[in-house]
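Some notes on the structure that comes next.
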Amino acid sequence: MNASETDRLEYGFAHRRALILLSMAMVGTMATWFSMTAVLPELAAQWGMSAAAESLPTVMVQAGFVAGSLIFAFLNVPDRVSPPDLFFWSGCAAGLFTLLTAFTDRLTEALALRFLTGMSLAGVYGPGLKLAATWFRARRGEAMGIIIGALTIGSASPHLVRGMNTGSWELVLIVAGIASIAGSFIVKRFVPPGPYPPATGQFDPRAIPRLLRQRTVRLANIGYLGHMWELYAMWTWIGLYIAYSMAAGGRPSASSWPSLLAFIIIASGFVGAWLGGVLADRIGRERVVLASLAASGTMAAVIGFAYGNASWLLAVIGVIWGISIIADSAQFSAILTERVEARFVGTALTLQLALGFALTALIIMALPLFASLTGWKFAFWMLVPGPVVGIWSTYRLLKFSRTA
């Protein structure tokens, strides 16, 4: 089958159906990730959490995700268990742990459940992308972008539930937990592996030193770290930032608008992820990364000037940031898969994922401390170095690839 025939096939009903259903499932399962972050003001008041402790619910998910990813990699679970089965059991576990969190009245128990939720999501994120790859070859960049976009909407959805004036932080977690279990059943029942089985790449920690000696791997990972420096800290704190901004502008902090606007900003990343995937297949992954990092870094630098001012200005800057901050996400993994020997792909991707999400935990904790020094108006300035370093490393990677 030639490329044009493959492309036509991937626009057919079966492929479209698989992509739509898998995207719906990803929205549901990823609702668990920030389900507790979306209700931080209520939780902080109920449990007397300090400003530093407010980062812990999200940090524990990040830490659990890193631990789960490494465990799955060491045990080679993704290659031993079919993607639909792994997605199903992992998504159900994430939903169950989130439901249990809604019924606990102790912070320590909630944090332990958040860690277990993160571990469970390690069996959703990667296997979901792997499952999508089995259905698409000619349109893989676009398909991956849509799946990452669905992940973005799912991550934003707890803000939408909270913004609908539910009056109960527990209900936000309950909705997220049920959505995760429902999404898992969708994949198990309706999304089998597609016609393009992926090449297997097992995790081998002995290969890590060899990989790090490769210049392309180092540059790609540095760029990914710059991207992750910015992404999850923005997603974690943008809702609280909007609430503080509205309070500084004399608008009532109890309004549902901060949650709704946070949802709009984060969910707008669907457009960025989708367009990033489409453009990467046409103009090159590095060019998409450079444009995305430049735009998102600029928004991180200027959003402080909208603090306390008109909500529409904050919304415009926030949406541009939300679109650009995720447009490059899938491309860093794709760059590795195209530049690493097939037998080392699994190790390279696991290493990149572990480093990136471990960094996010540190930055999420550090940003409120930075805000205590600068005030929340310019708190996001702390994120600007990430895109700057990412641009530098990606430009070097592009230049090196041209001369190699």
Report summary line: Residue-ordered couplings for the stretch 91-98, obtained by feeding phi - 60° into the Karplus form 6.51 cos²θ - 1.76 cosθ + 1.60 and rounding to whole Hz (Gly and Pro as x), are x, 5, 5, 4, x, 5, 5, 5
Report summary line: Ranking Trp376, Phe136, Ala31 by how far each Cα lies towards the positive end of the charge dipole of the chain (+1 on Lys and Arg Cβ, -1 on Asp and Glu Cβ), the top one is Phe136
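Report D for the stretch 206-404 in µm² per second (integer): Stokes-Einstein, Kirkwood Rh on Cα pairs, 10 °C, 1.306 mPa s.
Rounded, D is 91 µm²/s.
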Query raised in the report: Dipole of the stretch 206-404, Cα-centred, from +1 at each Lys and Arg C-beta and -1 at each Asp and Glu C-beta, to the nearest 20 debye?
Result: 680 debye
Requested in this report: For the chain, with a Gaussian network of springs between Cα atoms less than 10 Å apart, report the residue from Thr236, Thr29, Thr58 with the top mean-square fluctuation.
Outcome: Thr236
Report task. Report ³J(HN,Hα) in whole Hz for each residue of the stretch 302-317, in order, from the Karplus equation J = 6.51 cos²θ - 1.76 cosθ + 1.60 where θ = phi - 60°; Gly and Pro get x. Result -> 9, 5, x, 6, 8, 4, x, 9, 4, 4, 5, 5, 4, 5, 4, 5
Query raised in the report: Using just the C-alpha positions of the stretch 352-404 as equal point scatterers, what log10 of I(q)/I(0) does the Debye formula give at each q in 0.16 1/Å?
Result: -0.62
Requested in this report: Could you list Asp328, Asp105 in order of exposure, starting from the residue whose Cβ has the fewest other Cβ atoms within 10 Å?
Outcome: Asp105, Asp328
Requested in this report: Given the options Leu369, Leu260, Leu225, state which has the largest fluctuation in a GNM of the chain using a 10 Å cut-off (strictly under) for Cα springs.
Outcome: Leu369
Query raised in the report: If you plug each phi of the stretch 220-229 into the Karplus form 6.51 cos²θ - 1.76 cosθ + 1.60 with θ = phi - 60°, what whole-Hz ³J(HN,Hα) values come out, in order, with x for Gly and Pro?
Result: 5, 5, 5, x, 5, 5, x, 5, 6, 3
Report summary line: Exposure proxy check on Glu286, Glu170, Glu338: fewest-to-most Cβ neighbours within 10 Å is Glu338, Glu170, Glu286
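Sorting Val319, Val27 on the 10 Å Cβ count, fewest up front, what's the list?
Values: Val319 20, Val27 23.
Ordered from fewest to most neighbouring Cβ atoms within 10 Å, Val319, Val27 come out as Val319, Val27.
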Requested in this report: Run through every distinct alpha carbon pair of the stretch 1-120 and return the Kirkwood hydrodynamic radius in angstroms, one decimal place.
Outcome: 16.4 Å
**Report entry** Potential lengthening between Phe103 and Leu9 on full extension [0.36 nm per residue; Cα-Cα distance subtracted]
**Finding:** 29.1 nm
Query raised in the report: To the nearest 500 deg cm²/dmol, what mean residue ellipticity at 222 nm is calculated for the chain from DSSP H runs of n ≥ 4 alone, each contributing -39,500 (n - 2.57), summed and divided by the residues?
Result: -25500 deg cm²/dmol
Query - Hits among lysines - C-alpha to C-alpha of Lys188 under 16 Å, sequence gap 8 or more where chains match - result: Lys130
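Rule-based calculations on the coordinates, nothing more; no lab input. The model shown is predicted, which means the values in this text are computed figures rather than measured ones. All Cβ positions, even for glycine, are placed from backbone atoms using ideal geometry, and neighbour counts span all protein chains on display.
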